[in-house]
Amino acid sequence: MDIEPDTTVLDIGCGYGILLDELKTLNCNLVGWDISEIAVSYIRYKGHTGRCLDFVKYNPAENEKYDYVITSEFLEHVEDAESTLSKMDELAEKAIIISVPNNCLPYKDCKEHLQCFNRARVKSLADSFNFKKCYIEEYTEEFVRSGSDRTKSFVIRRPSLLIICEKQA
């Protein structure tokens, strides 16, 4: 994939920078934001630009823009998805890329999921913005989770949605 050298990508809720590490080969300007100072310190240690902030309470500056805004497994953790998406829309020049669990409510040990998304809800949310085009794809996310005794781990397969909202030119 050819990306212009001055392309900017913002990863909101970047955690320990796994996605930033993968995107590093594109040779563009990568920035990660996370609420965890430990996570931000770690991505800075790995050479990424990082900023510690609570995005829900954040108000973007008028001239603060990124070509692409990405967030993965973040939107389900906020109370007001429309307001959060509105802030992402303010920051993004070309597109917003989002990944959320598909029709997943909190697990027994995962009470922080405040939103439940499915294809219809995502489409309705995206339709409230003036996007040029919105692509919605279903996929299965797989990740390893440690057992309660921390000696055993297991793979969780969770249905997810990938949403790409292309902005008007």
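The values are calculated or read from the model by the stated rules, or taken from the named source; none is laboratory data. Quick caveat, the model's predicted, so the values are computed rather than measured. Here the Cβ positions follow ideal geometry from the backbone for every residue, glycine too, while neighbour counts run over all protein chains shown. Each accessible area value is taken on the protein alone, full model and side chains, heavy atoms only, with ligands, DNA and RNA left out. Shrake-Rupley method; radii C 1.70, N 1.55, O 1.52, S 1.80 Å.
Quick one: plug the Kirkwood hydrodynamic radius of the stretch 1-66 (C-alpha pairs) into Stokes-Einstein at 10 °C, 1.306 mPa s, and report D in µm²/s.
It diffuses with D of about 130 µm²/s by this estimate.
Please report, for the Cα atoms of the chain, the Rg to one decimal and the Dmax as a whole number; what are they, in angstrom?
So, for the chain, Rg and Dmax equal 16.2, 52 Å respectively.
How do 113-126, 46-59 rank on mean C-beta neighbours within 10 Å, highest first?
For the peptides 113-126, 46-59, the packing ranking is 113-126, 46-59.
With the crude spin-label approximation of a point 7 Å out along Cα→Cβ, what separation in nm comes out for residue 65 versus residue 132?
It works out to 1.4 nm between the two label points.
Accessible area of the chain with a 1.4 Å probe: how many percent of it is carbon plus sulfur?
Within the chain, the accessible surface is 49 percent carbon and sulfur.
Please compute the modelled spin-label separation between residue 21 and residue 116, points set 7 Å along Cα→Cβ, answer in nm with one decimal.
Inter-label distance under the simple model: 3.4 nm.
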